[in-house]
Amino acid sequence: MSLVDVRWIELRGSEDPRGKLGFVEGERDLPFAIRRAYFLYEVQPGQSRGAHAHRELRSLFLAMYGAFDLLLDDGRERKTFRLDDPRRGLFVPRMIWRDLHDFTPGAVCLVLASDWYDETDYYRYYEDFLAAVRAETEVLPTP
Ligand code: TYD
């Protein structure tokens, strides 16, 4: 996968004088069924999260409250996205290294994920991730 496959997904919702409501349905609004949700909160000043990639997992990142930066790296290039709107999520495909940083005080990041937690799906060392990207994109020389 590459950063080209990363995309913003605008969530549906409703708004009236009482306030706002957002919603998301797996497979309808997202290119995967939702098997898990997890959230990051009370991130301490100056701390970052993530620093890993997934072999198969696909995710939607949302800033439920506040804002944070999501740095994505496909092994060839990297790009930073600012998440600051609960109705605008960032879809991250498999095989993308991610780093979350610069959380505003009290920010809450919600992640909707395509599968249950599985430690064997993680690349926790950047060098291992890079080697896997190279192996996947390796073009065999023509005879
Ligand atoms: P980890 O994925 O390392 O967090 P980060 O996003 O900062 O890299 O998860 C931290 C700990 O929480 C780790 O021991 C695994 C556990 N964990 C679960 O058990 N289930 C989950 O769904 C997640 C995301 C983490």
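The values are calculated or read from the model by the stated rules, or taken from the named source; none is laboratory data. Predicted model only: the values in this text are computed from it and were never measured. Note that each Cβ is placed from the backbone with ideal geometry, even for glycine, and that neighbours are counted across all protein chains shown. SASA here: full protein model, heavy atoms, side chains in, ligands and nucleic acids out. Shrake-Rupley method; radii C 1.70, N 1.55, O 1.52, S 1.80 Å.
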- Query: Which one of E127, E119 is within 13 Å of the ligand (Cβ to nearest atom), exposed (fewer than 12 other Cβ atoms within 10 Å of the Cβ) and either in contact (Cβ under 8 Å) with a residue 40 or more places away in the chain or under 23 Å from G75 (Cα atoms) (or both)?
  - Reply: E119
- Scan segment 65-72 and give yes if some residue there is in contact (Cβ under 8 Å) with a residue 60 or more places away in the chain and within 15 Å of the ligand (Cβ to nearest atom), otherwise no. yes
- Please identify the pairs in which a residue from segment 97-110 that is over 29 Å from D128 (Cα atoms) and open to solvent by less than 20 Å² (accessible area, probe 1.4 Å) has its Cβ atom under 7 Å from the Cβ atom of a residue that is more than 11 Å from the ligand (Cβ to nearest atom) and not in a loop (DSSP other than H, G, I, E, B), counting only partners at least 6 apart or on another chain. A107/A63; A107/Y65; A107/F68
- Message: Here is a check on your reading of the model: is E77 away from the ligand (no atom under 14 Å from the Cβ), open to solvent by 90 Å² or more (accessible area, probe 1.4 Å), acidic (D, E) and touching an Asp or Glu at 6+ places or on another chain (Cβ under 7 Å)?
- Response: no
- Message: Let me spell it out: the conditions are (1) open to solvent by 20 Å² or more (accessible area, probe 1.4 Å); (2) part of a loop (DSSP other than H, G, I, E, B), and L71 meets all of them except one. Which number is the exception?
- Response: (2)
- Scan segment 32-61 residue by residue and report those that are basic (K, R), in contact (Cβ under 8 Å) with a residue 60 or more places away in the chain and either in contact with a helix residue (DSSP H, G or I) (Cβ under 6 Å, 6 or more places away or on another chain) or away from the ligand (no atom under 13 Å from the Cβ) (or both). R55
